[in-house]
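Single-structure report; data block below.
Readers should treat all values here as calculations from the given coordinates under stated rules, not as data from a laboratory. No experiment lies behind these values; they were computed from the predicted model shown. Quick reminder, even Gly has a Cβ in these numbers, built from the backbone with ideal geometry, and neighbours come from all protein chains shown.
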Amino acid sequence: MKTVSLSGSPRENVGKKDARKNRRLGKVPCVMYGGKEQLHFVVDEKPLKKIVFTPEVYIITLNIDGKVHDTILQDAQYHPVTDNFLHVDFLEIVPEKQVTIAVPVKAEGTPTGVLKGGRFINKMRKLKIKAMAKDLPDFIPINTDNLDIGDSVKVMDVKMDKVTFLDSPNNVIVGVRTARTVVEETGPGAAAAATAEGAAEGGEKKEAGKKE
């Protein structure tokens with residue numbers, strides 16, 4: 001998994017008043033846990049946004065007061081009106097422990113069903129997995145070449161070495177559905193509709209003949 005660096009400073013005081021003061025200065029109150037100790041600190045908002053507001057996931061190397069910690073983003077809380085950060089949680093990576101994280105799904109290939117007029121659907125943008133930090137993938141590749149209309153790939157169909165998938169096995173990740181236009185043109189009701197339309201046209205011609 002890709003790694004990015006982020007610098008922070010220890011918080012001198014922990015409380016709502018201090019948190020509001022830091023936010024006014026463009027800093028985000030944070031906490032790191034999961035290791036030997038819990039650490040409260042602040043980071044600049046701008047570099048944090050570049051890490052959070054992206055579909056990718058990273059191992060984040062936090063440099064706090066000269067000490068380096070490998071972490072993953074665990075949770076982010078936002079203001080309900082402004083969407084600015086209120087608080088961010090980081091989970092420290094412990095080498096001998098597995099990490100739980102949501103990793104992006106990357107659909108690869110062109111489904112057969114799409115070439116036939118079907119509609120491709122991507123129901124799950126990320127999958128929740130558990131693995132050692134060294135085995136965490138940047139994304140989960142899903143090959144879609146063989147998906148025909150009505151086919152799908154479920155969580156149970158995805159296999160990856162040294163990775164455990166935590167979502168429900170029956171959850172559909174991607175699939176191909178029948179497009180509405182295809183149903184209208186080739187569905188079982190198409191012939192009946194055409195017959196009814198022809199009969200209506202014939203009736204109109206007869207009525208026109210009587211009037212003449």
Net charge (Lys, Arg +1; Asp, Glu -1) of residues whose beta-carbon lies under 10 Å from that of Val176, Val176 excluded, is +1
Convex hull volume of the Cα atoms in the range 3-94, per residue, in Å³? 97 Å³
Suppose R0 equals 45 Å; then what is the FRET efficiency for Asn122 and Val14 from their Cβ-Cβ distance, rounded to the nearest 0.05? 0.65
Just add up the charged neighbours of Ser9: K/R +1, D/E -1, any other residue whose Cβ is under 10 Å from the Cβ of Ser9. -1
Above-threshold pairs, the threshold being 21 Å between Cα atoms, out of Lys50/Lys154; Lys36/Lys162; Lys27/Lys97; Lys128/Lys154; Lys2/Lys50: Lys50/Lys154; Lys36/Lys162; Lys27/Lys97
quick note, the range 3-94, DSSP beta bridge pairs, % antiparallel (nearest 5) is 70 percent
Of the GluC sites (Glu not before Pro) in the range 13-97, those whose Cβ has at most 11 other Cβ within 10 Å and which sit in DSSP loop: Glu37, Glu96
Cleavage-rule hits (trypsin sites (Lys or Arg not before Pro)) in the range 18-106: DSSP loop, at most 16 neighbouring Cβ within 10 angstrom: Lys36, Lys97
Starting from one equal scatterer on each C-alpha and no solvent at all, send me the Debye-based log10 I(q)/I(0) for the range 1-158 at q = 0.12, 0.13, 0.19 Å⁻¹, two decimals. -0.63, -0.71, -1.14
Note on the range 75-171: alpha-carbon gyration tensor, axes a ≥ b ≥ c; rule is a/c under 1.5 for rounded, else prolate if a/b larger than b/c, else oblate; result oblate
For a protection proxy built on the mean count of beta-carbon atoms within 10 angstrom, sort 9-16, 119-126 highest first, please. 119-126, 9-16
